[in-house]
1. Look through the stretch 23-58, keep the residues that are out of contact with any helix residue (DSSP H, G or I) (no Cβ under 8 Å at 6 or more places or on another chain) and in contact (Cβ under 8 Å) with a residue 40 or more places away in the chain, and return whichever of them is farthest from residue 6 (Cα to Cα).
2. With (1) touching a strand residue (DSSP E or B) at 6+ places or on another chain (Cβ under 8 Å); (2) loosely packed, with under 15 Cβ neighbours inside 10 Å as the list, and residue 42 as the residue in question, which single condition is left unmet?
3. So residue 22 passes all but one of these: (1) under 12 Å from the mean Cα position of the chain (by Cα); (2) closer than 19 Å to residue 53 by Cβ. Which condition number does it fail?
4. Given the criterion surrounded by 10 or more Cβ atoms within 10 Å (Cβ to Cβ) and in a loop (DSSP other than H, G, I, E, B), identify the matching residue among 3, 54.
């Protein structure tokens with residue numbers, strides 16, 4: 001599934017992620033996390049799962 005990144009306005013009903021793969025790759029590279037490996041599809045699934053976790057766990061204003 002393709003990532004559609006939320007741009008901060010909350011007005012895009014198609015948005016399904018808070019970050020893109022480039023941001024996630026840079027984040028994990030800075031922290032030397034070798035576990036962040038795999039295909040773009042695998043990484044996108046992880047970003048989607050993290051976004052869903054945030055949405056279900058935290059109440060946003």
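No lab work stands behind these numbers, since they all come straight from the coordinates. Keep in mind it's a predicted model, so treat the numbers as computed, not measured. A quick note on method: Cβ atoms are made from the backbone with ideal geometry, for glycine too, and the neighbour counts reach across all protein chains shown.
1. In this case the residue turns out to be 45.
2. Status for residue 42: all satisfied but (1).
3. With (1) under 12 Å from the mean Cα position of the chain (by Cα); (2) closer than 19 Å to residue 53 by Cβ applied to residue 22, the lone miss is (2).
4. Within the list 3, 54, the selection yields 3.
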